[in-house]
Amino acid sequence: MRKQLTVEELAAGVLANSRPVVAKAITLVESSRPVDRDRARDLLLRLRDDTGHSVRVGISGVPGAGKSTFIDAIGRRLIERGHKVAVLAVDPSSSRTGGSILGDRTRMGDLASMENVFIRPSPSSGHLGGVARATRESMLVLEAAGYDVILVETVGVGQSEVAVADMVDTFLLITLARAGDQLQGIKRGILELADVITVNKADGDNEVAARGAARELAIAMRLITSDPKARRPPVLTSSSYTGKGLDEVWQAVLDHRAYLEDHGGIEGRRNVQQEEWLWSLVDDALLDGLKRSEKVRALRAGVEASVRSGELSALEGSELILDAFVADVPTIWPSST
């Protein structure tokens, strides 16, 4: 049986950028086992002073927009410029195994083979919108390991984007030129989250259509807010195949960072994100506690049956479950008493 690394050994290995240890550390912070969560907390505390220095970019887009191929292409460019790039590719989870099923790494083959790259497919494990619960913690581990660009690829356009926007510095939306309605599949809420937009696959016969779609999106962005002083995300075109426009997209990301620095700073944005994270952790802990409560488990089936039959209202049933949960808190979290 292989010896489990101590928290001290994990921290030292991460700071030395030992790839096997970095992988073990991310596995630890992804774990939902209570004993692992305690070790993960200790590890993150040890790494805290070495985090926070990376460029954090969330990348999303409509289905078929070529997110993984785009990341492969732009990631290779960044590596060639001397950056260390980490990719957290959040996959939909298999309903049977909980594993990652899209295989993003196979679509980033060229990037994955390069030095100074770390790609981590991360199963969403059923969390809202497909965002892995431990994505934030994984980013901190990777920053401590020296990766200065972290790209978080989300499942697609949906609720996961709100969560990702709350943990990155810049949110990049990738879309396509479409026959007919170029805005098909893009909701206003997603456009409001975007800091930079690119119409991808702008090559060959599709290049003219992509430029037309970019113009339409630029008009749409002006209609979202009537405030003439509000920053409007640039709408660009790019091709992962030819590489055209990729440098301009990355420069737009850097320009957005400069804008943030001029309007409160990256640190201010991240401090707000820390507050969001605080309550996300509290919500996760409470939900986990409910699932682990023996008193709740013993009561649940009967309460649900009574609510279904109309014997109890949902309000009365929820009060019974919460009362049982509160009574079981000393057992769930002994240190809290």
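The values are calculated or read from the model by the stated rules, or taken from the named source; none is laboratory data. Bear in mind that the values here come from a model prediction, so they are computed numbers and not experimental data. A quick note on method: Cβ atoms are made from the backbone with ideal geometry, for glycine too, and the neighbour counts reach across all protein chains shown. With ligands, DNA and RNA removed, areas are computed over all heavy atoms of the protein, side chains included. Shrake-Rupley method; radii C 1.70, N 1.55, O 1.52, S 1.80 Å.
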The stretch 215-272, residues that are touching a residue at least 24 places away in the same chain (Cβ under 8 Å) and hydroxyl-bearing (Ser, Thr, Tyr): THR237, SER238, SER239, SER240, TYR241, THR242, TYR259
Selection from the stretch 196-213 of residues that are in contact with a Lys or Arg (Cβ under 9 Å, 6 or more places away or on another chain) and either open to solvent by less than 20 Å² (accessible area, probe 1.4 Å) or among the aliphatic types (A, V, I, L, M) (or both): VAL199, ASN200, ALA202, ALA209, ALA210, ALA213
Residue tally, condition under 30 Å from VAL249 (Cα atoms), open to solvent by less than 20 Å² (accessible area, probe 1.4 Å) and part of a helix (DSSP H, G or I), over the stretch 8-66: 2
Counted residues, the stretch 46-88 - those being free of Cβ contacts under 8 Å to residues at least 12 places away in the same chain and among the acidic types (Asp, Glu): 2
Those residues of the stretch 283-297 which are open to solvent by 50 Å² or more (accessible area, probe 1.4 Å) and free of Cβ contacts under 8 Å to residues at least 12 places away in the same chain, in sequence order: ASP283, LEU286, LEU287, LYS291, ARG297
Enumerated helices (runs of 4 or more DSSP H) restricted to the stretch 232-337, each holding at least 1 residues that are modelled with pLDDT under 90, closer than 30 Å to ALA65 by Cβ and not basic (Lys, Arg): 246-262, 265-292
Qualifying strands (runs of 3 or more DSSP E) (wholly inside the stretch 98-196; at least 1 residues being modelled with pLDDT under 85 and touching a helix residue (DSSP H, G or I) at 6+ places or on another chain (Cβ under 6 Å)): 117-123
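Restrict the check to the stretch 77-89 and report whether at least one residue is at pLDDT below 85, assigned to a strand (DSSP E or B) and open to solvent by less than 10 Å² (accessible area, probe 1.4 Å). Quick ask: steps written out before the conclusion?
The initial filter retains those residues of the stretch 77-89 that are at pLDDT below 85, namely 89.
Retained after the next criterion (residues that are assigned to a strand (DSSP E or B)): 89.
So of that shortlist, the ones also open to solvent by less than 10 Å² (accessible area, probe 1.4 Å) come out as 89.
Checked against the condition, which is being at pLDDT below 85, assigned to a strand (DSSP E or B) and open to solvent by less than 10 Å² (accessible area, probe 1.4 Å), the stretch 77-89 yields at least one hit.
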